[in-house]
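**Q** One structure, as structure tokens, below. Some questions next.
Read the figures in this text as sums done on the coordinates, not as results from a lab. The structure displayed is predicted, hence computed values, not measured ones. Every residue, glycine among them, receives a Cβ derived from its backbone with ideal geometry; neighbour counts consider all protein chains shown.
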Amino acid sequence: MAANNLQKDTASPVEYTPYGVGIPPSQYGYLLPEPELNILDYWRVIWKRKWLIFLITLLFGVSAYGISIWSPKKYKTQATLMPLTSSGSGGLSNLASQVSSLPMVGSQLASLGALGGGKSKELVNILKSRTLTEKIIDKFDLMKVIYSKQYDPATGSYSPNWLGVVPVKEDAINVFQKKISKIEEDKKTGLIKMEIQMKDPLLAAQVANEMIAQLQSFIENNSLTLSKRNRIFIEQQLVKNGAKLLEAGKELNNFFANNRISSVSPQLDVDVGSFEKLPKLFEEFRSDIQGAQGDVGAADKSREGSARV
């Protein structure tokens with residue numbers, strides 16, 4: 001059995017390398033030479049497959065030309081908005097500082113000081129809002145424009161697409177915000193850049209102008225009537241505080257009545273200017289007192305004389 005095992009071990013093949021058994025050549029400090037690269041070899045490969053390369057290039061060129069010819073043209077309308085700082089916020093802040101001493105009015109009015117004026121970011125959010133987009137779609141009936149291929153004028157309805165989905169207004173809003181309108185804020189200048197891209201150039205211009213008009217209307221409704229709303233707010237607060245003071249006065253009168261405490265109003269009402277006459281009045285009052293004292297002394301003497309008689 002040992003002989004058989006020995007024969008099996010000696011019969012196993014052994015890999016031979018010129019540097020030794022199983023030892024990589026890198027350990028001997030010797031690297032095999034790399035094959036040289038020849039540009040002529042690359043040119044031979046290209047020339048061998050020249051027709052394939054030509055057909056691929058021709059296919060892409062024809063495809064790009066066909067897409068540029070057959071794709072519908074789209075026109076872009078651009079507008080640049082420069083937001084202005086409104087003076088409403090400054091006036092409101094000044095008003096809040098002036099009435100800050102009034103109870104429960106100045107503190108609430110001061111919180112409204114930040115409503116005036118509009119920053120670029122806030123205006124961008126208004127232009128991107130779904131409410132404004134829905135108004136634009138309703139005004140120009142853009143559902144028929146966006147889904148013109150699915151709209152049936154005879155029935156006035158929309159047919160489903162290849163996925164079986166019938167478009168609704170929510171889908172039109174998403175398409176308008178993602179593909180038709182592009183609104184960005186320039187961080188450096190603070191300007192608002194708006195782009196409307198549509199097939200009809202006149203409709204694109206009308207949509208851009210209407211969006212600006214809607215934004216202006218929103219600003220006017222929230223800034224031009226700001227002073228009126230502030231006045232109404234202050235009047236309401238004053239009426240509310242007056243009612244509270246009246247209730248407090250009633251409770252105070254009831255307290256005086258229940259506890260037998262007089263709440264008689266003062267009978268003396270002296271003008272501040274009358275204090276200038278006090279020295280003269282004091283002298284007259286002192287002379288009157290001296291005269292009265294003399295009369296009292298004379299009366300006492302006459303009483304003593306009559307008593308002796």
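**Q** Given a Förster radius of 51 Å and the C-beta distance between residue 41 and residue 76 as r, what FRET efficiency does 1/(1 + (r/R0)^6) yield to the nearest 0.05?
**A** Working: r = 50 Å, r/R0 = 0.97.
Computed FRET efficiency for residue 41 and residue 76: 0.55.
**Q** Still on this structure, please answer the following. Just to be sure I understand the model, the point goes 7 Å from the Cα along the line to the Cβ. What's the resulting residue 50 to residue 155 distance in nm?
**A** 5.9 nm
**Q** If the cut-off is a Cα-Cα distance under 27 Å, which lysines reach residue 199, setting aside same-chain residues fewer than 8 apart in sequence?
**A** Partners within reach: 73, 74, 76, 128, 135, 139, 144, 149, 169, 178, 179, 182.
**Q** Right, here's the next one. Got the relative contact order for segment 118-226 handy, in percent, Cα pairs under 8 Å and 6 or more residues apart?
**A** Numbers: 87 pairs, mean separation 28.8, N = 109.
That works out to 26 percent.
**Q** Same structure again: Let me check I've understood the local charge: for residue 192, count other residues with C-beta under 10 angstrom from its C-beta, Lys and Arg +1, Asp and Glu -1. What total comes out? Walk me through the numbers before you get to the answer.
**A** On the way: positive: 121, 193; negative: 184, 185, 186.
Surrounding charge for residue 192 is -1.
**Q** Right, here's the next one. Quick one: if the Förster radius is 30 Å, what FRET efficiency do residue 170 and residue 125 give, using the C-beta to C-beta distance and rounding to 0.05? Walk me through the numbers before you get to the answer.
**A** Values: r = 19 Å, r/R0 = 0.64.
Once the sixth-power term is evaluated, E becomes 0.95.
**Q** Using the Karplus equation 6.51 cos²θ - 1.76 cosθ + 1.60 (θ = phi - 60°), what ³J(HN,Hα) coupling, rounded to whole Hz, does each residue of segment 141-154 give in order, writing x for Gly and Pro?
**A** Result, ordered by residue: 6, 6, 4, 6, 7, 5, 10, 5, 6, 9, 8, 10, x, 5 Hz.
**Q** Would you mind classifying segment 118-226 by shape? Square roots of the alpha carbon gyration tensor eigenvalues, ordered a ≥ b ≥ c; an a/c under 1.5 is rounded, otherwise it is prolate if a/b is larger than b/c and oblate if not. Don't skip to the answer; put the middle values down first.
**A** Details: a/c = 2.38, a/b = 2.01, b/c = 1.18.
Verdict is prolate for segment 118-226.
**Q** About the Cα centre of segment 118-226, how large is the charge dipole given +1 on each Lys and Arg Cβ and -1 on each Asp and Glu Cβ? Please answer in debye to the nearest 20. Display every interim value, and only then the final one.
**A** Working: 16 positive and 14 negative charges, 69 e Å.
It comes to approximately 340 debye.
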